[in-house]
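What follows is a short report on a single structure.
The values are calculated or read from the model by the stated rules, or taken from the named source; none is laboratory data. Quick caveat: nothing in here was measured; it's all calculated off a predicted structure. In this analysis, Cβ positions are derived from the backbone assuming ideal geometry, glycine residues included, and neighbour counts consider all displayed protein chains. Side chains are part of the model used for accessible areas, which takes the heavy atoms of the whole protein and leaves out ligands, DNA and RNA. Shrake-Rupley method; radii C 1.70, N 1.55, O 1.52, S 1.80 Å.
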Amino acid sequence: MSTPYPYPAHAHQQPYPPAPGCEVCGAVPAVPVTVRGHQGMLVLMRFLRRRGVLCRTCGLAVFRQMQADTLVRGWWGVLSMLITPVVLLLNLGALSRIRRLPPPATAAWRPPLDPGRPVLRRPAGLFALIPLAGLAMLLVGVPVLVAIGTSSEPTGVHYHHRQNREPLAVGACAHNDGDWTNQDLRNVPCDSPDAQFEITEPKDGYCADGDYMARLEYSVNGRTSLCLHPVKH
């Protein structure tokens, strides 16, 4: 029997498929996300992945649990110490998609997952501060040590290279071409205007009050102490 206004057989159907709901609780809206995890086992390792269509509530629960487990169990291996930070950073992309979702607009037909406390408020977050701090010190400390090792002078310290190699003679006078941190002493005649110090021997191992002590390298044998008595012109 024909109808006065024939329509296609599928005219009563919806033109677009309904939006997918959360595969855990059925709430809408939901979005496809992939959350990753990692476990280090000294020599071996495991790569974990949870992929699905999740609402905001269930997505946060999966992210926080996977992230917390990785923070605790992801560091135990040489390669795992490098892989774990990458996995943790990749999960931030999934978290961004989850947080852009509004709260569920429809009632869930099953209880949603419990997000629990944020990752950094869990014991796992506090525990992770230990390897993270160690990794940060390694990343910062190694370049600094390399820079110091390849530098001819430590940062902030300038060494004056000694020019005068002649040993000092007791009874003679000396002039310091450097400073007291970097002595550069040379013998000069005592009647010279350049004479600053008279070279004397210590008494009982000590220089007189007001005298200075020359470095051992200025003695003849490199082991004898010499005193520098200021000369008054």
J(HN,Hα) series, the stretch 39-45, from Karplus relation 6.51 cos²θ - 1.76 cosθ + 1.60, nearest Hz, glycine and proline x: 10, x, 10, 6, 9, 8, 7
In square angstrom, rounded to the nearest 10, how much accessible surface does residue 190 have for a 1.4 Å probe? 60
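As a test of reading the structure, rank 175, 229, 38 by solvent-accessible area (1.4 Å probe, protein chains only), most first.
On the way: 175 35, 229 80, 38 0 Å².
Sorted descending by solvent-accessible area, the residues read 229, 175, 38.
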Determine the order of 84, 34 by accessible area, beginning with the largest, at a probe radius of 1.4 Å. 34, 84
For residue 188, what residues show an amide H to amide H distance below 5 Å, using hydrogens built from the backbone and excluding near sequence neighbours? 173, 174, 175
Amide H proximity to residue 224 below 5 Å, modelled H, separation 5+ or other chain, gives 219
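Given a 1.4 angstrom probe, what's the average accessible area per residue across the stretch 166-228, in square angstrom? Spell out each step's value before the answer.
Working: 3680 Å² over 63 residues.
Counting only protein heavy atoms, the per-residue value for the stretch 166-228 is 58 Å².
Between residue 50 and residue 137, how high is the FRET efficiency from 1/(1 + (r/R0)^6) when r is the Cβ-Cβ distance and R₀ = 22 Å? Nearest 0.05. Please report the intermediate quantities before stating the final value.
On the way: r = 32 Å, r/R0 = 1.46.
The formula returns an efficiency of 0.10 here.
Hey, if we sort 203, 232 by accessible area with the 1.4 Å probe, largest down, what's the order? Spell out each step's value before the answer.
Numbers: 203 160, 232 195 Å².
Listed by decreasing accessible area, they come as 232, 203.
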Could you give me the ³J(HN,Hα) list for the stretch 50-57, computed from phi with Karplus coefficients 6.51, -1.76, 1.60 and θ = phi - 60°, whole Hz, x at Gly and Pro? 10, 10, x, 9, 10, 7, 4, 5
For residue 38, list long-range residues whose amide hydrogen, built 1.01 Å from N in the peptide plane, is under 5 Å from its own amide hydrogen. 48, 70
